[in-house]
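Following: one structure in structure tokens, then a few remarks.
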Amino acid sequence: MAAAACGGVWRRAWRRGAGAPAPRGQRAGACNARGGAAPVGKSGLTPWVAVVGLEIHAQISSSSKLFSGSQVQFAAPPNSLVSFFDASLPGTLPVLNRRCVEAAVMTGLALNCSINKKSLFDRKHYFYADLPAGYQITQQRVPVAVNGRLSYNLCIDNKMSQMVTKTVRIKQIQLEQDSGKSLHDDTRSQTLVDLNRAGVGLMEVVMEPDMCCGEEAAAAVRELQLILQTLGSSQAVMAEGQLRVDANVSVHHPGEPYGVRTEVKNINSIRFLAKAVDYEIQRQIEELENGGTILNETRAFDSKLGCTVPMRDKEGKQDYRFMPEPNLPPLILYDAKSLPANMNHQQVVNIDWIHERLPDLPSVKRAKLVEQYGILPEHSFTLLNEDGLTEFFENVVKQTQMKPKKVIGWILNDLLSHLKQHSLTVKESPVSSFLLADLLNLLEKKEISSTAAKQVLAELWKGEGKTPLEIVKEKKLELIQDQKELERICQVVIDGQEDEVIMMVLG
């Protein structure tokens with residue numbers, strides 16, 4: 001239960017009363033980015049409205065944990081990075097990590113949130129073997145950031161050339177500590193506990209239930225992932241557990257109260273997120289149309305079976321017995337106006353200072369790529385979606401005489417296809433931006449044909465250390481520019497096929 005759901009946030013959202021209008025994008029037929037209508041049951045008569053909200057736990061990029069000096073390192077030997085505080089030994093006290101606070105503030109600003117200059121820490125109680133203290137330190141009552149929004153883009157009919165922009169509201173961003181990890185040994189019928197992850201700093205991003213299908217949820221999380229990576233506030237590598245998603249799903253008929261929701265816990269893949277949400281929507285519709293009821297429960301997504309399975313009943317806010325954290329004072333932040341003149345700047349977090357240093361976000365980067373290089377908007381999305389591809393593209397453009405519009409074709413059609421074929425990342429490519437630029441220069445100077453260039457690229461992919469020009473000469477792929485030489489070659493061909501030439505002339 002690494003970072004449990006935020007107590008009463010969802011309960012309030014899902015209890016808006018009979019006839020309350022669904023949030024933007026939720027009404028019947030609203031989930032139609034692909035041109036379809038709202039989900040319909042077996043009868044096909046009455047449409048259903050699906051409501052999807054997300055709680056996303058992002059591991060903060062920090063060398064040490066949220067409340068202790070223990071190192072943070074993925075795949076370290078079990079229980080090798082555990083301080084006395086992480087193990088909850090008596091007498092140990094939390095010390096707040098400044099870096100984690102700055103990362104949360106930066107993320108809040110990037111997501112258009114209001115930053116609370118005073119936020120509070122709380123204890124959230126639950127009893128698991130991988131939570132030594134029996135409670136998690138989080139921010140339930142007054143989190144560090146509230147009331148933001150995230151814009152993301154959605155393809156229509158899976159066509160990158162046709163996109164719509166949607167917005168999901170951010171309820172809050174809160175700081176909290178991660179739990180340890182339980183390792184189940186079925187062979188010996190025992191569970192082992194690794195506390196290396198216990199106390200690692202998390203940002204929980206709570207999104208309002210403004211989405212209506214798996215595709216929307218996946219697009220929103222991917223955009224958030226890009227933002228976090230751009231900021232450097234989280235590496236957000238889902239395969240390493242640095243970004244985990246809890247999806248809250250319910251269905252109802254238009255004009256009726258929201259249905260009972262279920263929570264699909266700890267989804268660690270954007271692709272699985274889309275599948276889990278869509279499966280859960282359909283499962284609930286079928287259950288209700290068959291006369292069944294939806295339980296307010298926590299479920300897990302089984303990626304092998306492609307379905308959600310029950311885990312446990314959903315805890316209520318009262319089950320967690322929230323109380324103020326007695327060992328941490330309120331977190332006080334400042335801006336340029338509120339910062340006292342005699343205050344040591346190294347001892348405080350200045351919101352304005354962080355705001356001034358925000359980098360260009362993915363949406364701004366995409367717009368600049370389109371404007372600067374004249375590429376299509378959908379191409380800018382692909383460049384940013386592949387880690388390191390934008391830098392690769394720009395390096396090639398700087399080193400070649402070919403126009404960016406032609407370069408992007410080679411990057412997206414040829415380079416990416418080779419990378420995917422060999423399951424490599426851009427940074428693992430055996431063909432550097434320098435080599436590709438060298439090859440494209442030969443093509444641009446008309447020293448080789450496009451067919452020959454593709455042959456050269458395939459040879460470069462072998463990583464034998466040859467330059468494009470060396471491969472061209474070795475394989476004799478040069479285009480002949482000398483007209484007299486071309487005439488000589490043609491004459492040789494004609495002379496060698498005398499009978500065929502006579503037949504063509506007579507015919």
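Bear in mind these aren't lab numbers, they're just calculated from the coordinates by the rules spelled out. Values in this document were obtained by computation on a predicted structure and should not be read as measured data. Here the Cβ is made from the backbone with ideal geometry for all residues, glycine too, and neighbour counts use every protein chain on show.
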So what's the angle, to the nearest 10 degrees on a 0 to 90 scale, between helix 389-399 and the longest Cα principal axis of the chain? 40 degrees
Taking a straight Cα-to-Cα line shorter than 25 Å from residue 117, and setting aside same-chain lysines fewer than 8 residues away, one finds 65, 171, 337
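Taking the Cα centre of the stretch 328-461 as the origin, how large is its charge dipole in debye, to the nearest 20, when only Lys and Arg (+1) and Asp and Glu (-1) carry charge on their Cβ atoms?
Values: 14 positive and 16 negative charges, 61 e Å.
Once rounded to the nearest 20, the dipole reads 300 debye.
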Taking the alpha-carbon set of the stretch 310-406, what are its Rg and Dmax in Å? 23.8, 66
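How much of the DSSP bridge set in the stretch 261-405 is antiparallel, in percent, rounded to the nearest 5? Before the final figure, lay out the partial values.
Values: 6 of 10 bridges.
Counting DSSP beta bridges with both partners in the stretch 261-405, the antiparallel share is about 60 percent.
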If packing is taken as the mean number of other Cβ atoms within 10 Å per residue, what is the order of 75-85, 95-105, 160-170, highest first? 95-105, 160-170, 75-85
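Please give the net charge around residue 345, taking every other residue with its beta carbon less than 15 angstrom from that of residue 345, where Lys and Arg add +1 and Asp and Glu add -1. Provide the component values of the computation, followed by the final result.
Working: positive: 98, 337, 357; negative: 102, 335, 352, 356.
With Lys, Arg at +1 and Asp, Glu at -1, the net is -1.
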Going by amide H atoms built from the backbone, whose H comes under 5 Å of the H on residue 299, apart from near neighbours? 263, 264, 265, 311
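Give me the percent of Cα-Cα pairs in the stretch 180-250 that sit more than 20 Å apart, rounded to a whole number. Don't skip to the end; give the middle numbers.
On the way: 1156 of 2485 pairs.
The proportion of pairs with Cα distances above 20 Å equals 47 percent.
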Counting only C-alpha contacts under 8 Å and six or more residues apart, can you give the relative contact order of the chain as a whole percent? 15 percent
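Highest mean first, how do 241-247, 58-64, 353-359, 207-213 rank when packing is the count of other Cβ atoms within 10 Å averaged over residues? Walk me through the numbers on the way to the answer.
Working: 241-247: 23.0, 58-64: 20.9, 353-359: 13.6, 207-213: 25.9.
Those peptides, ordered most packed to least, come out 207-213, 241-247, 58-64, 353-359.
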Please list, in chain and number order, the residues 5+ apart from residue 172 or on another chain whose amide H is under 5 Å from its amide H, with Hs placed from the backbone. 147, 206
Using only Cα atoms, find the angle between the long axis of helix 214-231 and the longest principal axis of the chain, and express it within 0 to 90 degrees, rounded to the nearest 10. 90 degrees
Which of the aspartates and glutamates could a cross-linker span from residue 475 if the Cα-Cα distance has to be under 12 Å and same-chain partners fewer than 8 positions apart are dropped? 459
Answer check: the stretch 49-324, Cα atoms, Kirkwood Rh, Rg/Rh ratio of 0.97
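Quick check on the stretch 257-339: take the gyration tensor over C-alpha atoms, sort the square-rooted eigenvalues as a ≥ b ≥ c, and tell me if it's rounded (a/c under 1.5), prolate or oblate. Each step should come with its number before you reach the end.
Details: a/c = 2.65, a/b = 2.00, b/c = 1.32.
Prolate.
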Please express the Cα-Cα pair-distance distribution P(r) of the stretch 384-475 as a list of whole percents, one per 10 Å bin, running from 0 to the bin with the greatest distance. 17, 56, 26, 1
Enter the angle in degrees (range 0 to 90, nearest 10) between the Cα long axis of helix 450-460 and the first principal axis of the Cα atoms of the chain, meaning the one along which they spread out most. 60 degrees
Could you derive backbone 3J(HN,Hα) for the stretch 117-128 from the dihedral phi with the Karplus parameters 6.51, -1.76 and 1.60 (θ = phi - 60°), listing whole Hz in sequence and x where the residue is Gly or Pro? 6, 10, 10, 10, 10, 10, 9, 10, 8, 7, 10, 10
Average Cα contact separation per residue, the stretch 105-172, under 8 Å, 6 or more apart, as relative contact order %: 32 percent
³J(HN,Hα) computed for each position of the stretch 157-172 - Karplus, 6.51 cos²θ - 1.76 cosθ + 1.60, integer Hz, glycine/proline x: 6, 6, 9, 4, 6, 10, 10, 10, 9, 10, 10, 10, 7, 9, 5, 6
So for the stretch 49-324, averaging the separation of alpha carbon pairs under 8 Å that are six or more residues apart and normalising by length, what relative contact order in percent results? 23 percent
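Viscosity 1.002 mPa s, temperature 20 °C: give me the Stokes-Einstein translational D for the chain in µm²/s, with Rh taken as the Kirkwood radius over C-alpha pairs.
81 µm²/s
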